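Accompanying notes for the structure given below.
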Amino acid sequence: MSRIGKLPITVPSGVKVNIAGANVTVTGPKGELKRSLPTEMGINLEGSILTVTRPSDAKRHRAFHGLTRSLLANMVQGVSKGFEKNLEIVGVGYRVEKTGEKITLRLGFSHQVEVNPKPGVSLAVEGTNKIKVSGINKEDVGEMAAEIRALRPPDHYKGKGIRYAGEKVHLKPGKAGKVVGRK
């Protein structure tokens, strides 16, 4: 039995789950999410407990068991609490500004980079070097944060670039001649 797949999902108050065959709609205070899940999986709602069952121990069913449960749990958490990713910009002259819905990044290029948020995702700027990506869909939030980070990933020699909050960047020593020094 899948360790993740057999865990029940507690649906908080204010969140409604509608199951129509393989299509699941979750509505909550932050919004509504719809998803079509594998048809083989059994999705049951009893009171405020959501469970996922599989028909057999076939490899395909075992693979989809934990996936289906995780997708449902992310939908329930997204419409009730939401998701967010925090990014930090490190480097001299690197900064971010918010103009309307989009953000403008200065990352050492000859031009400024403008980033428009995906539908359902909001971008917030704290100070001149912190970006908060938030939304109700975990996949969209993670993808938007990864796209922003990919504009200038952290450099492993100087440490400059865009990184996730709390991400540790291993700095390389550089050339051996500079490390040892000359007399």
Which one of the conditions (1) surrounded by 13 or more Cβ atoms within 10 Å (Cβ to Cβ); (2) not assigned by TED's automatic domain parsing to the domain that holds Pro119 does Val90 fail to meet, given that it meets all the rest? (2)
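Could you look through segment 94-108, keep only residues that are out of contact with any Leu (no Cβ under 9 Å at 6 or more places or on another chain) and free of Cβ contacts under 8 Å to residues at least 24 places away in the same chain, and pick out the one that is farthest from Tyr157 (Cα to Cα)? I'd like the intermediate steps shown before the answer.
Of all residues in segment 94-108, those out of contact with any Leu (no Cβ under 9 Å at 6 or more places or on another chain) come to 99-100, 104, 106, 108.
With free of Cβ contacts under 8 Å to residues at least 24 places away in the same chain added as a condition, the list becomes 99-100, 104, 106.
Numbers: Thr99: 32, Gly100: 35, Thr104: 25, Arg106: 20 Å.
So the residue we want is Gly100.
Listed here are the residues, each with its yes/no results for (1) outside the structural domain of Lys30 (by TED's automatic domain parsing); (2) in contact with a Lys or Arg (Cβ under 6 Å, 6 or more places away or on another chain); (3) surrounded by 11 or more Cβ atoms within 10 Å (Cβ to Cβ).
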residue	(1), (2), (3)
Gly100	yes, no, no
Arg106	yes, yes, yes
Phe109	yes, no, no
Val113	yes, no, yes
Val125	yes, yes, yes
Ile136	yes, yes, yes
Gly142	yes, no, yes
Pro153	yes, no, yes
Boolean, Arg149 is touching a strand residue (DSSP E or B) at 6+ places or on another chain (Cβ under 6 Å), basic (Lys, Arg) and in contact (Cβ under 8 Å) with a residue 40 or more places away in the chain: yes
Hey, among Pro154, Pro119, Pro173, which residue is in a loop (DSSP other than H, G, I, E, B) and in contact (Cβ under 8 Å) with a residue 24 or more places away in the chain? Pro154
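Yes or no: segment 157-175 includes at least one residue that is among the β-branched types (Val, Ile, Thr), under 25 Å from Arg35 (Cβ atoms) and modelled with pLDDT of 95 or more. Even if it seems obvious, please write down each step before you answer.
Step one: list which residues in segment 157-175 are among the β-branched types (Val, Ile, Thr), which gives 162, 169.
Remaining after also requiring under 25 Å from Arg35 (Cβ atoms): none.
Looking through segment 157-175, none of the residues is among the β-branched types (Val, Ile, Thr), under 25 Å from Arg35 (Cβ atoms) and modelled with pLDDT of 95 or more.
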Anything in segment 29-55 that is exposed (fewer than 11 other Cβ atoms within 10 Å of the Cβ) and of a type in the set (D, E, K, R)? List them, or say none. Glu46
Identify, by number, the condition in (1) within 28 Å of Ser13 (Cβ to Cβ); (2) modelled with pLDDT of 95 or more; (3) hydrophobic (A, V, I, L, M, F, W, C) that Ile131 doesn't meet. (1)
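The values are calculated or read from the model by the stated rules, or taken from the named source; none is laboratory data. Only a predicted model underlies this, so the values are computations on that prediction, with no experimental measurement involved. Because the Cβ atoms are built from the backbone with ideal geometry, glycine has one as well, and the counts that use them run over all protein chains shown.
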